[in-house]
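See structure below.
The values are calculated or read from the model by the stated rules, or taken from the named source; none is laboratory data. Note that the coordinates shown come from a computational prediction; the quantities given were computed from them, not determined experimentally. Positions of Cβ are backbone-derived with ideal geometry, glycine not excepted, and every protein chain shown enters the neighbour counts.
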Amino acid sequence: MSNMTIVGAQWGDEGKGKIVDLLTSEVDMVVRFQGGNNAGHTVIVDGTKYVLHVVPSGILHPGKMCIIGNGVVLDPESFLEEIDALQSLGLDVSPERLKISYKTHLILPYHRAIDGAREGKAKAKIGTTGRGIGPCYEDKKSRVGVRAGDLTDPEVLRAKIERALEEKNVLFTQLYGMPALDPQTVFDDLMAIAPRLVPYLADASSLIMEADAAGKSIMFEGAQGVMLDIDHGTYPFVTSSNVVCDNASIGSGVHAGMIDQRIAIVKAYTTRVGSGPFPTELFDDMGEFLRRQGGEYGATTGRPRRCGWLDLVVLREMIRLCDPTTMALTKVDVLSGLKEIKLCVAYEYEGKVMKYPPQTPRGLDNSKPVYEVLPGWDEDLSGCTDWDSLPRNCRRYIERIEELLGVKAGYISVGPDRNQTFRR
Ligand code: IMP
């Protein structure tokens, strides 16, 4: 059994949680390696809906080890709320099977406050989830961050909070017109919950390497999507971490050679939340159809998602960056009932036909999709359990995607339940 990375191929919300959940039965350990509680992975098992934000989706499978890696940013309060909610649904979320790296950075109240204040003031809003993700990663890069391991050393913790707030309180009071935060209060609040957090702390990278050496199989679970990658996405309308497959090793503390399979999760159409370019976005009834049929509302913020046709230019860029060994095509059932389905096969940009996104600052804003039109299908797909049971035109749509991308769709999902995804 090999080790694999799973990433979202578009702008997030591709249905990663569902595929991770399906493949968890084949692995021993699931590791989250980037992002934080900006993510919302929805998994439905036997009619019960689980929404996971920072806890790896592997937690839904008894006995599997779950790791929150160093590349994640963790909001301690929201983490405790999440594990309480999972526990109330009968899941084992004990420190015996869930670990947090000592090196994971903590999202503190001042990160959330900066995120909210900036978005409130900004003329060109990014449309962040408001969870303090960006400001926490900023502190990590500025080397003033607080790491989970600091919870074991109150003196160091207090000094770090005081240092971080020296600068931030100037921002709050002088730029954002907000009251200053009291370092002692932030420290006391954190120390009050530290006893619940500390048992989860571990040398995560050693645990993963030891599992690998013992022949166990590990899954690295990504969050968001490649077009939200801080370097390679639609900057500045991106998240603050690297989303591409190769960040799985950095965000977990293992070497890249340990990972031999890369699975890209592709939604059968495109969605995005927040601001930023989206060449195939639909502003008409068709967009509304996809939103309604697909239930396209954010799992974290409840915001309506922007919807559009599948964009193969975006997917080619993802393939160039991640080299997926296979794709999982999700939400194919949402397209049932359409006479025609459009597939964006290229962009027209400054009179040229582009197979990859133009890299100029406003390239995507000025790109027009070039569409190929395929026949749709009427049949309800929710009961399809294999390739042959899919309607002919649905198979044609999938085969055309594969042909144009040169990557196979090894998994196809036709509904939210665990048993509505099948292997090709
Ligand atoms: P942030 O990650 O909260 O800073 O938000 C930055 C951008 O990433 C915004 O456009 C968010 O809507 C988007 N984003 C963050 N997390 C997710 C996710 O899990 N799914 C989809 N979009 C996301």
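Which one is farthest from Ile6 (Cα to Cα), of the residues in region 395-424 that are of a type in the set (D, E, K, R) and assigned to a helix (DSSP H, G or I)?
Initially, region 395-424 is screened for residues of a type in the set (D, E, K, R), giving 395-396, 399-400, 402-403, 408, 417-418, 423-424.
Now narrow it down to the ones that are assigned to a helix (DSSP H, G or I): 395-396, 399-400, 402-403, 418.
Values: Arg395: 24, Arg396: 25, Glu399: 22, Arg400: 23, Glu402: 18, Glu403: 22, Arg418: 17 Å.
Residue satisfying both the conditions and the ranking: Arg396.
Going by the structure shown, is Gly294 within 21 Å of Tyr235 (Cα to Cα), touching a residue at least 12 places away in the same chain (Cβ under 8 Å), of a type in the set (Gly, Ala, Ser) and touching a strand residue (DSSP E or B) at 6+ places or on another chain (Cβ under 9 Å)?
Working: within 21 Å of Tyr235 (Cα to Cα): no; touching a residue at least 12 places away in the same chain (Cβ under 8 Å): yes; of a type in the set (Gly, Ala, Ser): yes; touching a strand residue (DSSP E or B) at 6+ places or on another chain (Cβ under 9 Å): yes.
Criteria not met by Gly294.
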Open item on the list: What's the total number of residues in region 206-243 that are within 17 Å of the chain's Cα centre (by Cα) and in a helix (DSSP H, G or I)?
Closed with: 3
Task: Selected residue (only one of Arg147, Arg131 is more than 21 Å from Tyr102 (Cβ to Cβ) and either in contact with a strand residue (DSSP E or B) (Cβ under 6 Å, 6 or more places away or on another chain) or buried (at least 22 other Cβ atoms within 10 Å of the Cβ) (or both)) - done: Arg131
- [ ] State whether one or more residues within region 26-42 are touching a residue at least 40 places away in the same chain (Cβ under 8 Å), within 14 Å of the ligand (Cβ to nearest atom) and of a type in the set (Asp, Glu).
- [x] no
- [ ] State yes or no: is Gly274 on the phi > 0 side of the Ramachandran plot, within 12 Å of the ligand (Cβ to nearest atom) and of a type outside the set (Phe, Trp, Tyr)?
- [x] yes
Task: Residues of region 199-248 satisfying the condition of being aromatic (Phe, Trp, Tyr) and either within 13 Å of Leu321 (Cα to Cα) or within 14 Å of the ligand (Cβ to nearest atom) (or both) - done: Tyr235, Phe237
- [ ] Looking for whichever is more than 19 Å from Ser240 (Cα to Cα) and free of Cβ contacts under 8 Å to residues at least 40 places away in the same chain here; the options are Ser88, Ser57. Which one fits?
- [x] Ser88
TODO: Give the residue, chosen from Gly58, Gly17, that is crowded, with 23+ Cβ neighbours inside 10 Å, within 16 Å of the ligand (Cβ to nearest atom) and not in a loop (DSSP other than H, G, I, E, B).
DONE: Gly17
Open item on the list: Name the single residue that is farthest from the chain's Cα centre (by Cα) among those in region 305-348 being surrounded by fewer than 19 Cβ atoms within 10 Å (Cβ to Cβ) and hydroxyl-bearing (Ser, Thr, Tyr).
Closed with: Ser336
TODO: Inspect all residues belonging to region 123-146 and state whether any of them is assigned to a helix (DSSP H, G or I), away from the ligand (no atom under 16 Å from the Cβ) and either within 29 Å of Gly40 (Cβ to Cβ) or hydroxyl-bearing (Ser, Thr, Tyr) (or both).
DONE: yes
Task: Enumeration of residues in region 194-223 that are of a type in the set (A, V, I, L, M) and farther than 22 Å from Gly35 by Cα - done: Ala211, Ala213, Ala214
- [ ] Check Ile114 against each of (1) more than 24 Å from Asn3 (Cβ to Cβ); (2) hydrophobic (A, V, I, L, M, F, W, C); (3) at pLDDT below 95; (4) within 16 Å of the ligand (Cβ to nearest atom) and name the one condition it does not meet.
- [x] (3)
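Quick one: which residue in Gly149, Gly145 is touching a Cys at 6+ places or on another chain (Cβ under 9 Å) and either of a type outside the set (Ser, Thr, Tyr) or on the phi > 0 side of the Ramachandran plot (or both)?
Testing whether each residue is touching a Cys at 6+ places or on another chain (Cβ under 9 Å) and either of a type outside the set (Ser, Thr, Tyr) or on the phi > 0 side of the Ramachandran plot (or both) leaves just Gly145.
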